[in-house]
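Quick note: the coordinates plus some simple rules give every number you see, no bench work behind them. Every value quoted in this text rests on a predicted model; they were computed, and no experiment measured them. Positions of Cβ are generated from backbone atoms using ideal geometry, with glycine treated the same way; all protein chains shown enter the neighbour counts.
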Amino acid sequence: MSINAEYTLTIDGAGVAGAGSFSVLNPANEQVVGYAPDCSRIQLDQAIAGARRAFPAWSATPIEERRKKLLAIAATLTEYVDELKRLLTQEQGKPIEEAAWDVLGGAQWCEATSGLELPLVVVEDSADRRGETRRTPIGVVGAIAPWNFPIVLAMFKVAPALLAGNTVVLKPSPFTPLTTLKVGELLRGVLPDGVFNVVSGGDDLGPWMTSHPGIDKISFTGSTATGRKVMASASETLKRVTLELGGNDAAIVMDDIDVERMAEEIFWAAFKNNGQVCVATKRMYVHADVYEPLKVALVAYAKSVKVGDGSEQGTRLGPIQNAPQYRRVLNLIADAKDKGYKFLVGGEESTSPGYFVPVTIIDNPPEDSRIVQEEQFGPVLPLLKFNNIEDVIVRANASNYGLGASVWSSDIVRAQGIASRLAAGVVWINESQYVSPMGSFGGHKQSGIGTEGALAGLLEYTNAQTIYTNKKSVML
Ligand code: NAD
């Protein structure tokens, strides 16, 4: 596979040129990486029609066969990881090793999901009657993915949807469509025609999907603002929705942490993937007793981290992924400067091409500042001081978001007590961002609806069907 090859839509098992095309930029240098096909409305209709045609046979395929297909997807991603990771770094900006993780994480998700069982629950088994609740696939799933982890987050959806017997139309972000289009191409011979379709396009394509009567369920990962639109649009046809949305994760760093040992781990909780992680720490509350030493350690570590082109060796942080997000992060920095907040490190504007923002840490800005209240989704962290644990729990929970959170302490029991009081879908203790395919992952409050991962995530791609059989009628 050549990464410079043409990019095509995958519709009903075939490679199809778009009605037009659009350029995809490398955020490290703003040069064109490739041209993605622009899927027209008619082509979307064709993809959905193909998925509908494939549904009866795929849903009737024994689940053991579908498991094997998930393993075959995993094997394909693994086989082509070198080509895919280079392409992903070019279009997404992240360092090569992290791009490899994105692809291999997708493979691991398929492998782990392939082992899940669809439950059959016997609700009654009496002399009169047997009642069983089983799980049936929903139909055609429209999967809509963001640009921060294009492959693994797509596989969060594709793997359980296919295992449950649904067919899929996947739409990557227009900022990062190329690697996903290649994955579609690679899987053409792996899955039956129409079972897995990949479409890319502009701003109209997502709304066409969410309103399309041929799609039965939307699984969406992206911002809370877009999630609201998705839900409103899906309501017209009463589509099922799973929404994985934005966050403003709080970290609570207690007074008993070993600063020297933990500083690096705490740094990456906020800055991994340049802060462009839904569950990155976006507000860091630090106990006053360790505020100064942690501040010093974080700043020293920040200065040692190489920011640059993700394809260069030694780069730990690439550019911001796209121009609108870059402007948004710069705007938050400008606001913090205007308000006179103190910058511990960073904040300078880059003059070189590419959407680069230096690692930036702001010293104890007010709780109601924009950088504390908004999801920055970039390498800009407010460090906030606290004295009282009750007070900081209230501050951490005072958000419309409720995606993730973390607690850092040498006293595990105390940390667990605090974790259980945080209104978030996932809480980490002395680590961050770890996600297991066997654990539920999903937001509370306006961070989402539904969950991904584990049995609960698989069930999101099913309907419940209860069948009652009257035994007496047979005996008569
Ligand atoms: P986004 O909402 O701008 O876009 C996400 C996807 O939705 C893209 O494919 C986009 O083309 C599509 N889209 C845009 N408008 C649409 C519409 N009206 N109808 C249907 N689809 C539409 O998000 P983004 O900027 O790509 O991603 C960053 C956001 O995603 C952040 O808020 C982040 O926290 C969130 N996120 C959440 C999770 C999670 O699991 N909860 C994971 C990663 C990212």
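Which length gain, in nm to one decimal place, applies between Asp125 and Ser473 when the Cα-Cα distance is subtracted from 0.36 nm times their residue separation? Show your work: numbers first, answer last.
On the way: separation 348, 0.36 × 348 = 125.28 nm, distance 1.49 nm.
In short, 123.8 nm is gained.
Output the Kirkwood hydrodynamic radius of the range 76-190, Cα pairs only, in Å rounded to one decimal. Don't skip to the answer; put the middle values down first.
Details: mean 1/r = 0.0641 Å⁻¹.
This gives a value of 15.6 Å.
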query: Where the only charges are on Cβ atoms (+1 Lys, Arg; -1 Asp, Glu), what is the dipole of the chain about its Cα centre, to the nearest 20 debye?
result: 1200
- prompt: Do any GluC sites (Glu not before Pro) in the range 232-267 lie in a loop, going by DSSP, with at most 12 other beta-carbon atoms within 10 Å of their beta carbon, and if so which?
  reply: Glu236
statement: Taking every other residue with Cβ under 11 Å from the Cβ of Leu181 and scoring Lys and Arg +1, Asp and Glu -1, one gets -1
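Taking the Cβ-Cβ separation of Glu431 and Gln313 as r and a Förster radius of 25 Å, what is the calculated FRET efficiency to the nearest 0.05?
Details: r = 27 Å, r/R0 = 1.08.
It comes out at approximately 0.40.
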- request: Taking just the C-alpha trace of the range 407-476, give me its Rg and Dmax in Å.
  value: 20.0, 69
query: For the chain, what is the calculated [θ] at 222 nm in deg cm²/dmol (nearest 500), taking -39500 (n - 2.57) for each run of four or more DSSP H residues and dividing by its residue count?
result: -12000 deg cm²/dmol
- request: Could you compute the FRET efficiency for Glu30 and Asp204, with r as their C-beta to C-beta distance and R0 at 22 Å, rounded to 0.05?
  value: 0.35
task: Between beta-carbons, use under 10 Å as the cut-off and find the net charge around Gly50, counting Lys and Arg +1, Asp and Glu -1.
output: -1
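Can you pull out the trypsin sites (Lys or Arg not before Pro) in the range 249-350 whose DSSP state is coil and whose Cβ has at most 15 other Cβ atoms within 10 Å? Write out the running numbers ahead of the final one.
Details: sites: Arg261, Lys272, Lys282, Arg283, Lys295, Lys303, Lys306, Arg316, Arg327, Arg328, Lys337, Lys339, Lys342; in loops: Lys306, Arg316, Lys339.
Passing both the DSSP loop test and the Cβ count: Lys306, Lys339.
Only Cα pairs under 8 Å and at least 6 apart count here; give the relative contact order of the chain as a rounded whole percent. Each step should come with its number before you reach the end.
On the way: 1098 pairs, mean separation 88.2, N = 476.
About 19 percent, as a whole number.
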message: As a test, work out the antiparallel percent of DSSP beta bridges whose residues both lie in the range 114-210, rounded to the nearest 5.
response: 35
message: List the GluC sites (Glu not before Pro) within the range 393-476 that DSSP assigns to loop and that have no more than 14 neighbouring Cβ atoms inside 10 Å.
response: Glu431
- line: Correct semi-axes for the chain, from √(5λ) of the alpha-carbon gyration tensor and rounded to whole Å with the largest first, are 39, 29, 19
- prompt: Any idea how far apart Glu117 and Arg52 come out in nm if each label point goes 7 Å out from Cα toward Cβ?
  reply: 3.6
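Under the 0.36 nm per residue contour assumption, what length would be gained going from the current alpha-carbon distance of Glu83 and Glu64 to full extension? Let's see the in-between values first.
Working: separation 19, 0.36 × 19 = 6.84 nm, distance 3.00 nm.
Full extension of this stretch gives 3.8 nm more.
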- prompt: Say the dipole of the chain comes from +1 at the beta carbon of Lys and Arg and -1 at that of Asp and Glu; which of Gly222, Val140, Gln465 then lies farthest toward its positive end?
  reply: Gln465
- prompt: Taking the alpha carbon gyration tensor of the range 1-71, what are the square roots of 5 times its eigenvalues, largest first, to the nearest whole Å?
  reply: 31, 18, 9
field: Rel. contact order, % - alpha carbon contacts under 8 angstrom, at least six apart, the range 379-476
entry: 21
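Any of Lys85/Lys229; Lys282/Lys445; Lys295/Lys445 with alpha carbons more than 21 Å apart? Name them for me.
Working: Lys85/Lys229 32 Å; Lys282/Lys445 17 Å; Lys295/Lys445 31 Å.
Among Lys85/Lys229; Lys282/Lys445; Lys295/Lys445, the Cα-Cα distance tops 21 Å for Lys85/Lys229; Lys295/Lys445.
Once you compute Rg and the Kirkwood Rh from C-alpha atoms, what is the Rg to Rh ratio for the range 1-139?
On the way: Rg = 20.5 Å, Rh = 18.4 Å.
Ratio of gyration radius to Kirkwood radius: 1.11.
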message: Rounded to the nearest 5, what % of DSSP beta bridges with both residues in the chain are antiparallel?
response: 45
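So if we plug the beta-carbon distance of Val305 and Val190 into 1/(1 + (r/R0)^6) with R0 = 41 Å, what FRET efficiency do we get, rounded to 0.05? Walk me through the numbers on the way to the answer.
Numbers: r = 39 Å, r/R0 = 0.94.
Computed FRET efficiency for Val305 and Val190: 0.60.
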